[in-house]
1. Pick from Asn271, Asn190, Asn45 the residue whose mean-square fluctuation is largest in a GNM of the chain, springs joining Cα atoms under 10 Å.
2. Just for the Cα atoms in segment 46-127, what are the lengths along the principal axes, largest first, rounded to whole Å?
3. If the convex hull of the alpha-carbon atoms of the chain is projected onto planes in all directions, what is the mean projected area in square nanometres?
4. Fully extended, how many nm does the chain gain between Arg265 and Gln137 (0.36 nm per residue separation, minus their Cα-Cα distance)?
5. Taking every DSSP beta bridge that has both residues in segment 4-291, what percent is antiparallel when rounded to the nearest 5?
6. Quick one: the Cα spread of segment 174-242 along its three principal axes, in angstroms, biggest first?
7. Where in segment 22-106 are there trypsin sites (Lys or Arg not before Pro) that are in a DSSP coil and have at most 13 other Cβ atoms within 10 angstrom of their Cβ?
8. Could you grab the Rg to Rh ratio for segment 1-150? Cα atoms only, Kirkwood for Rh.
Amino acid sequence: MPSTQAAGGRGARTRWHEGSHEGCVERFYSRGVHGKTDIHRGYLNFGLWEDGVEDYVEAAENLVARLGRRAGLGSGSRLLDVGCGFGTQDVYLQRTFGPLEIDGLDVTWGHVERARRRAEQEGVADRVRFHHGSATQLPFADATFSHIIGIEGPVHFQTRRNFFDEALRVLRPEGVMALADYALARPPRNAVERGVFHVARALWRAPAANVCSVDEYRDQLIAAGFRDVSVESIRDLTFPGYYQEQQRPEFQREMERLQGRLLARVGRVINVTANWVYRMGVIDYLLVRAQKPG
């Protein structure tokens, strides 16, 4: 269980214990979170850059839509979005697949604050709610949700396997979970690859316990109690397009305005390192679907 100290209720801020993994991830993702810009309309994912998709927001929404279809979202679904970021994807899901009942959860308080403002501004706050907390200690009762999605968040959870247990608990019988996540395409082969991979993982705040192969990922879901597990690799439709977007001078200038020159440069180092790992063929990007037994 994460080291947390609740400040009371699902609407309140959670206070992480000093040195906790959750606090570390929150600090990492809080960089520039209170800036006035709304770059990329608040989307944070890598995007799904299929043929004909050239704009980042289009790619980001393409990924969200693919995951929504994979989960089988439809009118009346009760959805939990873990690692919801600024909540942009939840507004999109509401309008594309709704009406839905959506609860978004994020470890970063600044994300939750902006997500709540977005829901109010978009007129969906009666159906889309946001909470501050940990995906490995979900503040919801058993069998609450018909669906769970997680877009690039589970790799940060301490641990992903603990999250699978919690996800199974809060899903209804025959409920579906759909994730966009990462796994090893192959182990690093030499000291250079191991070093680059270790640096990328550490910079990205991904626990070592979450490093696993695609087969191990599938086995963990089955061990947690899920069935009908399917895993699809889309690595070549995510990393290259995202990296190219990050390299645009216009985007880099906007990030410097948002985060300051130092933090923006740190972000570029992280992106370059992640791209190295992709180009080495070490990391995979997965679309995952799993169902709770009836």
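Computed from the coordinates by the stated procedures, all read-outs in this text should not be read as laboratory data. Note that the coordinates shown come from a computational prediction; the quantities given were computed from them, not determined experimentally. Neighbour counts are summed over all protein chains in view; Cβ atoms, including those assigned to glycine, are modelled from backbone coordinates with ideal geometry.
1. Asn190
2. So the extents along the principal axes, rounded to whole Å, are 36, 28, 22.
3. 14.6 nm²
4. Full extension from Arg265 to Gln137 adds 42.7 nm.
5. 45 percent
6. If we take the Cα atoms of segment 174-242, the spans are 44, 28, 21 Å.
7. Answer in residue order: Lys36.
8. Reported Rg/Rh, Kirkwood definition of Rh: 0.96.
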